[in-house]
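Scroll down for the structure; my scribbles are underneath it.
The values are calculated or read from the model by the stated rules, or taken from the named source; none is laboratory data. What you see is a predicted model; the values in this text were computed from it and never measured. FYI the Cβ positions are ideal-geometry reconstructions off the backbone, even for glycines, and counts take in every protein chain you see.
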Amino acid sequence: MAGNSSTAPGGAFEFTVRSPEQAEVKGPLVFATARRAREAGVKALRSAAASLVIDCASLGKADSAGLAVLLDWLAEARRAGRHLRFEHLPEELLRLARISAADTLLQQGV
């Protein structure tokens, strides 16, 4: 299936669409990869089924820019009338999300 990647000092970020209902992200989701990651997610959402699950088990280091990308994907899904849910969010990312009370939104999806 389709894939998209961008490189950061800690490695490459990859967004891979496994099926219209399933995608996977790998690598660091940080400032250096955020723009291309956002674009890859938005593109996947536009061609996804009514519901998309993104597996984050292989997500590497994440910073506030990475958190912003995930939140933007949720907003894009809502605008498009689609459901989006993340699986296996790394604890590091959830700790960052708790600071702004966004952890519940990430865990529940839209």
Does Arg78 qualify as being farther than 16 Å from Ala12 by Cβ and at pLDDT below 95? yes
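Yes or no, residue by residue, for (1) without any contact (Cβ under 8 Å) to a residue 40 or more places away in the chain; (2) buried (at least 17 other Cβ atoms within 10 Å of the Cβ); (3) not in a helix (DSSP H, G or I):
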position: Glu14; (1), (2), (3): yes, yes, yes
position: Gly27; (1), (2), (3): yes, yes, yes
position: Ala40; (1), (2), (3): yes, yes, no
position: Arg46; (1), (2), (3): yes, no, no
position: Ala49; (1), (2), (3): yes, no, yes
position: Lys61; (1), (2), (3): no, yes, yes
position: Leu96; (1), (2), (3): yes, yes, no
position: Leu105; (1), (2), (3): yes, no, no
